[in-house]
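Before any comments, here is the structure.
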Amino acid sequence: MTVESTAARKPRRSAGTKSTAGKRSTRTSPGTEPELVQLLTPEGKRVKNAEYDPYVADLTPEALRGLYRDMVLTRRFDAEATTLQRQGELGLWASLLGQEAAQIGSGRALRDDDYVFPTYREHGVAWCRGVDPTNLLGMFRGVNNGGWDPNTNNFHLYTIVIGSQALHATGYAMGIAKDGADSAVIAYFGDGASSQGDVAESFTFAAVYNAPVVFFCQNNQWAISEPTEKQTRVPLYQRAQGFGFPGVRVDGNDVLACLAVTKAALARARDGEGPTLVEAYTYRMGAHTTNDDPTRYRADDERAAWEAKDPILRLRRHLESANHTDDGFFAELEAESEALGRRVREVIRTMPDPDHFAIFENVYADGHALVDEERAQFAAYQASFADAQDGV
């Protein structure tokens with residue numbers, strides 16, 4: 001269909017309807033950057049920042065290599081999971097491709113006693129918290145409800161309900177504040193979740209009760225097929241002003257900036273200064289999930305512009321220009337990446353089937369007659385298959 005024929009199909013505007021012609025889109029065009037905190041340019045050049053440099057001043061070359069390793073291995077795990085879903089081993093997968101710097105930078109800013117409330121895409125943060133990556137696959141394969149104990153690593157189970165974890169995080173932060181703890185809480189969500197009422201409510205409670213929580217929004221530009229300008233008239237980080245606490249936008253493809261900004265926000269929370277909204281301005285390079293086709297709503301040149309800002313390539317350029325690494329490091333990391341890929345494939349294909357009756361456990365603390373009835377009905381249903389095989 002041509003542009004002309006499309007225009008001809010548009011209904012005429014009735015009298016009194018306000019025209020939107022001439023209004024400027026808030027969308028950033030490919031290749032341009034909004035104002036944000038940046039410590040590493042896409043070319044890997046270190047940028048000085050008086051406010052945030054102190055938070056990364058202690059990073060040694062070894063620590064920088066560690067951040068690079070984190071991002072590379074997280075991306076490899078994510079790629080393997082995507083492939084496994086395509087091969088029918090997982091029901092669904094939500095890729096983090098392109099968001100490694102936001103997750104690794106913020107994840108490495110946390111202390112062990114801090115508590116994390118993720119969505120369903122924080123595979124890099126889970127890596128930083130010491131959660132075995134293969135444990136992330138069980139829920140997407142349908143063999144468990146999460147696969148790890150949240151209290152072991154202070155990393156909550158993945159949250160599928162969009163935005164609800166922000167309220168959980170705020171409540172938890174209010175609790176530890178009343179307990180007099182020195183720890184902080186971080187809640188992860190995306191630009192799409194920022195439109196949810198749960199997130200707005202969590203902002204209200206966190207501000208009023210001065211809760212030690214950091215709201216970390218990974219603005220990857222697309223809430224499935226909805227671009228950010230369809231959700232907000234102002235940059236997301238500016239929303240915090242209306243609730244009475246600060247917001248900051250950071251280059252989400254710059255692992256050093258994400259590390260520094262998150263450290264600063266966590267320090268502020270621990271000092272009793274309340275919440276902070278961090279908007280990590282990044283890009284989802286892949287699909288929203290593996291049942292999504294981003295080519296139907298995104299332009300190729302937009303993705304190409306963001307590929308030039310790749311977070312892993314950016315840090316590699318910095319390491320090489322500063323002579324902080326050599327070919328041996330990259331070769332060893334490649335071997336480690338291959339080993340991780342093999343382990344992921346082996347583990348997923350040997351995961352045991354779940355106990356079909358586990359769904360009836362822990363529904364009520366003291367049991368319930370209706371659940372007992374449903375369990376009996378399900379048992380009879382399962383037995384019917386065995387009877388059919390036996391020719392009964």
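Peptides 173-183, 204-214 ranked from most to least packed give 204-214, 173-183, packing being the mean of other C-beta atoms within 10 angstrom over each peptide's residues.
Between the entries (1) 28, 55, 17, 0; (2) 23, 40, 22, 13, 2; (3) 25, 53, 20, 3, the label attached to P(r) over Cα pairs in 20 Å bins from 0, in percent calculated for this structure is (3).
Ranked by the mean number of other Cβ atoms within 10 Å of their residues, highest first, the peptides 365-375, 309-319, 41-51, 337-347 come out as 309-319, 337-347, 41-51, 365-375.
Solvent-accessible surface of segment 150-241, averaged per residue with a 1.4 angstrom probe and all protein chains in place: 42 square angstrom.
Roughly speaking, to the nearest percent, how much of segment 305-392's 1.4 Å accessible area is carbon and sulfur?
On the way: 3080 of 5980 Å².
Using a 1.4 Å probe with all protein chains present, segment 305-392 comes out at 51 percent carbon and sulfur.
About its Cα centre, the dipole of segment 321-392 is roughly 120 debye, where the only charges are +1 on Lys and Arg Cβ and -1 on Asp and Glu Cβ. For the chain, return all DSSP H helices satisfying: extent of Cα atoms along own axis at least 15 Å; mean Kyte-Doolittle hydropathy at least -1.0. Answer set is 61-86, 164-179, 197-208, 255-270, 311-321, 327-349, 369-389. When +1 charges are put on Lys and Arg Cβ atoms and -1 charges on Asp and Glu Cβ atoms, the dipole computed for the chain relative to its Cα centre reaches about 2000 debye. Note on segment 52-197: with neighbouring protein chains present and a 1.4 Å probe, carbon and sulfur make up 49 percent of its accessible heavy-atom surface.
Peptides 66-78, 252-264, 131-143 ordered by packing proxy, namely the average of other Cβ atoms within 10 Å per residue, highest first: 252-264, 66-78, 131-143. Since only Leu319, Tyr283, Ala63 are under comparison, the one whose Cα sits farthest along the positive direction of the charge dipole of the chain, derived from C-beta charges on Lys, Arg, Asp and Glu, is Tyr283.
Note on the chain: dipole from Cβ charges, positive end direction compared against Thr83, Gln38, Leu110; the farthest Cα belongs to Gln38.
Tell me the relative contact order for the chain as a rounded percent, counting alpha carbon contacts under 8 Å between residues six or more apart.
Numbers: 626 pairs, mean separation 89.3, N = 392.
With pairs under 8 Å counted, the relative contact order is 23 percent.
In this structure, Tyr381 and Glu307 have a Cβ-Cβ separation that, at R0 = 45 Å, corresponds to a calculated FRET efficiency of about 0.35.
The values are calculated or read from the model by the stated rules, or taken from the named source; none is laboratory data. Note that the coordinates shown come from a computational prediction; the quantities given were computed from them, not determined experimentally. We place every Cβ from the backbone using ideal geometry, glycine too, and count neighbours over all the protein chains shown. Quick note on the areas: whole protein, heavy atoms, side chains included, nothing else; ligands and nucleic acids left out. Shrake-Rupley method; radii C 1.70, N 1.55, O 1.52, S 1.80 Å.
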